[in-house]
Amino acid sequence: MNQEECIWPAGFRAAGLSAGIKSNGAPDFAMLRMDHGAVAAAMFTTNLFAAAPVQISRQHLHNSRGHASVLVVNSGCANATTGPHGYADAQTIGDCVAQECGCAHEAVLMNSTGIIGKRLPLANMLKCVAPLSQRCVEGSVEPFARAIMTTDTRVKMSTRLVATHSAPIRVTGVTKGAGMIHPNMATMIAVITTDAALEPHELDAMMRVAVEQSFHRISIDGDTSTNDCVFAFASAQRAAAADHKELQRAFCEVARDLAHMIVCDGEGFTRAFEVRVRGAASAADALAVSKTVATSMLVRCAITGGDPNWGRLLAAAGRSGAKLDPSLLTLRVGDISLYHNGQPTETSKEIAAAEFSKPNVMIEFHLGLGLHDDFFISSGMTQEYVKLNSEYST
């Protein structure tokens with residue numbers, strides 16, 4: 001997908017600008033408008049220090065029974081752990097947006113991302129609501145995507161078309177995320193939109209399936225934020241009905257694209273790796289092995305160095321809590337078999353090192369115990385990641 005091809009579905013307009021939140025003057029305030037209203041769904045962080053905008057969005061979505069007209073997101077300040085004043089700031093911004101856009105206050109959803117513990121520059125943001133609203137246009141996703149970035153080095157967006165008997169239905173998604181990425185919730189801020197006609201429960205179900213197969217299968221550092229959210233909107237601007245299986249497929253493909261972009265833009269990124277598990281006795285076992293191996297600090301360090309220390313892979317699998325039989329287990333990295341039926345293969349270290357040094361390392365376990373499969377994606381642990389996060393607020 002070329003970036004110029006990534007446009008909003010019918011019924012959506014968006015913009016981004018600088019509200020002076022970021023010291024470098026980069027865009028930091030984004031708005032997505034649904035002028036005819038939209039069905040809405042969301043998944044929110046399970047962190048008990050959920051930010052003020054997350055709390056408000058959760059309540060608004062409940063009160064509106066799954067409908068929205070505007071989404072606003074700022075970057076550079078999370079407005080989390082800011083107490084009653086931070087909550088009041090978010091409410092004030094939401095009320096200003098509702099007045100400017102001519103919608104009910106509960107039709108406004110919002111989120112923030114950036115440094116935790118700091119309040120928003122309220123006066124600056126209120127001045128920017130009207131010009132931001134007026135800038136909203138159809139077409140390119142990029143202005144919105146750029147305005148929600150924090151430590152991201154590139155915009156992250158994806159789109160798919162679903163054929164119908166008339167005009168195709170579009171599914172478009174955008175996300176930000178490069179650190180504090182880990183299940184379980186959604187592990188970043190993401191927005192998935194479609195011009196299909198869906199009921200609130202249908203959209204919610206599609207979003208949750210897509211999230212489970214994408215954002216819940218990635219990790220960069222084992223941390224989840226106070227502001228993690230996935231929002232989904234359906235504008236019903238295409239009259240033709242889409243096959244729900246094809247629409248679900250489009251949702252999943254867009255979400256997987258975005259999840260992979262997050263991993264490949266992880267702070268200090270050098271290379272990504274995917275752990276696939278096949279032949280597990282249960283679905284829970286398949287996920288446990290893939291997640292444990294992918295999030296192991298020792299495994300991630302080996303991936304960073306291109307070190308073919310495959311014993312770390314087996315050790316992580318062995319402590320996952322899943323049912324394993326070493327005499328049945330097979331381990332492959334790329335096209336190379338390293339462990340088969342209870343013993344190492346005769347693969348040379350040089351050949352194995354070549355597989356561990358690829359930009360995307362593919363690790364596959366076959367447990368030989370059942371029919372259940374799963375996967376998990378992560379990235380190497382680098383010195384640059386440590387440096388960036390040791391200086392993040394300074």
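A few comments on the model shown:
- Extreme residue, positive dipole direction of segment 3-263, given options LEU203, CYS6, THR150 (C-beta unit charges): THR150
- Residue-averaged [θ]222 nm for the chain, counting only DSSP H segments that reach four residues, each worth -39500 (n - 2.57): -10000 deg cm²/dmol
- log10 of Debye I(q)/I(0), alpha-carbon scatterers only, for the chain at 0.08, 0.09 Å⁻¹: -0.44, -0.55
- Cut-off 15 Å between beta-carbons: net charge of the residues surrounding GLN99, Lys and Arg +1, Asp and Glu -1: -1
- Nearby lysines by direct alpha-carbon distance to LYS358 (threshold 19 angstrom, same-chain neighbours under 8 apart not counted): LYS349
- On Cα atoms only, tilt of 83-101 relative to the major axis of the chain in degrees: 60 degrees
- Look at the dipole of segment 272-390 built from charges on Cβ: of GLY370, ASN360, GLY318, the Cα furthest out on the positive end belongs to GLY318.
- Between GLN134 and ASP243, the contour length at 0.36 nm per residue exceeds the Cα-Cα span by 35.7 nm.
- Distance between the C-alpha centres of segment 59-109 and segment 302-365: 48 Å, rounded to the whole angstrom.
- Annotation for ALA315 and THR345: the two label points, set 7 Å from Cα along the Cα-Cβ direction, are 2.3 nm apart.
- Most mobile listed residue (THR172, THR164, THR151) in the chain, GNM with C-alpha springs under 10 Å: THR164
- For the chain, a crude dipole built from +1 on the beta carbon of Lys and Arg and -1 on the beta carbon of Asp and Glu, taken about the Cα centre, is about 360 debye to the nearest 20.
- Net charge dipole size for segment 272-390 [Lys, Arg +1 and Asp, Glu -1 on Cβ; Debye, nearest 20]: 300 debye
- Shape category assigned to segment 248-297 from the gyration tensor of Cα positions, a/c cut at 1.5: oblate
Values quoted throughout were computed directly from the atomic coordinates according to the rules given, and no laboratory measurement underlies them. This structure is a prediction, so every number in the text was calculated from the model and none was measured. Backbone-built Cβ (ideal geometry, glycine too); neighbour counts: all protein chains shown.
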